[in-house]
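Okay, structure first, notes after.
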Amino acid sequence: MATIKLRRGFKAEAERLSIKLREDMGIHPCAKLCAFKLVDHLNLKLIKATDLLSDEKSLSLLQGINGYKNEWSALTMTNKEGVRIIIYNPFNTEVRQQSDVMHEIAHILCKHDLSNDSYDFQVPFGMREYNPIQEEEAKFLGAALQLSTPSLLWSRKRNLTQEQISKHYNASIEMVRYRMSTTGILRKR
């Protein structure tokens, strides 16, 4: 798979935005940022998939039970009124929900275009529309929102393990590794 190169300056902008949003919310740049509180702060609309889908097959898909594989996390879409909303899977683990919602917030903050398709709230599973550059931007910004560089530096200064960082910031071990790798903190000793 080819590596996607982000536009010059994007990563620095994402890091600054991660800190600015914390400051706007009155929390320290090293502090944990909850995706659900950030949604409220940004006046975004967040909906659990279970508020829209309640039939047995859909719930089985969301939970990954009864022979179904859970492959659905979250999406951003525009409703009939033209309002961008985030729909997320409440059956995923708490750390996964944080990551999923941060990723979708990142799409909104980056003002990524959605397709011109109109949805009547029958959200099909497996609905995929990927712009590789937009996905890479959302991945990086969402991760920076979840784990700011100052939070990682603070953690390293205190010799926290990746597991301790994961627990403290409500992030997955994979997210901690990704952020430590992309920020270069793994190499800084």
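The values are calculated or read from the model by the stated rules, or taken from the named source; none is laboratory data. Bear in mind the structure is a predicted one, so any value in this text is a computation, not a measurement. A quick note on method: Cβ atoms are made from the backbone with ideal geometry, for glycine too, and the neighbour counts reach across all protein chains shown.
Quick look at the values:
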{"read-out": "Residues of region 137-189 satisfying the condition of being in contact with a His (Cβ under 9 Å, 6 or more places away or on another chain) and among the hydroxyl-bearing types (S, T, Y)", "value": "S151, S155"}
{"read-out": "Lone qualifier among K57, K11 - being of a type outside the set (S, T, N, Q), modelled with pLDDT of 90 or more and in a helix (DSSP H, G or I)", "value": "K11"}
{"read-out": "Sole residue being surrounded by 15 or more Cβ atoms within 10 Å (Cβ to Cβ), modelled with pLDDT under 95 and at negative phi, chosen from T93, T78, T3", "value": "T78"}
{"read-out": "Close pairs (9 angstrom Cβ cut-off, 6 or more residues apart or separate chains): of a type in the set (F, W, Y) in region 74-101, part of a strand (DSSP E or B) anywhere", "value": "Y88/L46; Y88/I47; Y88/K48; Y88/A74; Y88/L75"}
{"read-out": "Residues located in region 162-189, provided they are part of a loop (DSSP other than H, G, I, E, B), loosely packed, with under 13 Cβ neighbours inside 10 Å and either on the phi > 0 side of the Ramachandran plot or modelled with pLDDT of 90 or more (or both)", "value": "G184"}
